[in-house]
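Okay, structure first, notes after.
The values are calculated or read from the model by the stated rules, or taken from the named source; none is laboratory data. The model shown is predicted, which means the values in this text are computed figures rather than measured ones. Neighbour counts are summed over all protein chains in view; Cβ atoms, including those assigned to glycine, are modelled from backbone coordinates with ideal geometry. Side chains included, ligands, DNA and RNA excluded: accessible areas come from the protein's heavy atoms. Shrake-Rupley method; radii C 1.70, N 1.55, O 1.52, S 1.80 Å.
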Amino acid sequence: GWGSQGGWGGGWDRHVLSPLEELQRRCAHRETQERVLQCVHQLLRSCGAGLVEGWLLILSILWRAATKPALLPLLPLAIRSVQLIASDFLPSLPPPCLLAYVEVAAAYGNQADHLNASLTAIGLQWTISDFLLEYAADEDPPGASSAAEPTDEEEEDEEDAFPAPSGRASPPPPAAAASA
């Protein structure tokens, strides 16, 4: 296995996902965008349990797929990864990423032209609610079971790596995305 520390002095996942996220931001070709989303889905399927530092990058890619008009035709492809996170990885998400995931799922729920994706995302909100209620009585917050607690410095780096459309560290509320 890759482990949480590759031979690169940091999380392997950040080293793999950073170029993908940048490629998605900079490239306008539909085929490239489609490949980025396919790659994210394959990474989640094959090594999602080993993700440590790459969650915000994945969420950034999925957020952009739901909020950037040029990417809306790829929404059915992207929602598969959003579903996979809900079904397999909610307990692995660090707490800041859990909030970002809620916003990503909400962005998919706001889709007027993709009814199936919207209904799927609304169902994901139920899954998230159930997950949060299940852990509400626990002393440990959701996501505390992740392999390593990030230091304050690492948290800042991850937040800076999440280039939301508004420039904030996490995605804006869905209403703000609709007006952007």
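What list of ³J(HN,Hα) values in whole Hz, one per residue of the range 58-66 in order, does the Karplus curve 6.51 cos²θ - 1.76 cosθ + 1.60 (θ = phi - 60°) give from phi, with Gly and Pro shown as x?
Residue by residue, the range 58-66 yields 4, 5, 5, 4, 5, 4, 4, 5, 8 Hz.
Kindly sort 60, 46 by accessible area of their heavy atoms, largest first, with the probe set to 1.4 Å. Provide the component values of the computation, followed by the final result.
Numbers: 60 0, 46 80 Å².
Solvent-accessible surface, decreasing: 46, 60.
Which ³J(HN,Hα) values in Hz, rounded to whole numbers, follow from the phi angles of the range 14-28 under the Karplus curve 6.51 cos²θ - 1.76 cosθ + 1.60, where θ = phi - 60° and Gly and Pro get x?
For the range 14-28, the Karplus curve yields 5, 5, 7, 7, 4, x, 5, 5, 5, 4, 5, 5, 9, 9, 9 Hz.
Quick one: pull the percent of accessible area on the range 1-101 belonging to carbon and sulfur, 1.4 Å probe, ligands and nucleic acids left out. Please list the in-between numbers first.
On the way: 2420 of 4430 Å².
So the carbon and sulfur contribution to the accessible surface is 55 percent.
Starting from the residue with the highest accessible area, list 114, 41, 29 in decreasing order, probe 1.4 Å. Present the calculation step by step, with values, prior to reporting the outcome.
Working: 114 45, 41 20, 29 115 Å².
The ranking, largest first, comes out as 29, 114, 41.
Please report the net charge: other residues with Cβ closer than 13 Å to the Cβ of residue 72, K and R +1, D and E -1.
Numbers: positive: 30, 64, 68; negative: 34, 113.
Net charge in that neighbourhood comes out at +1.
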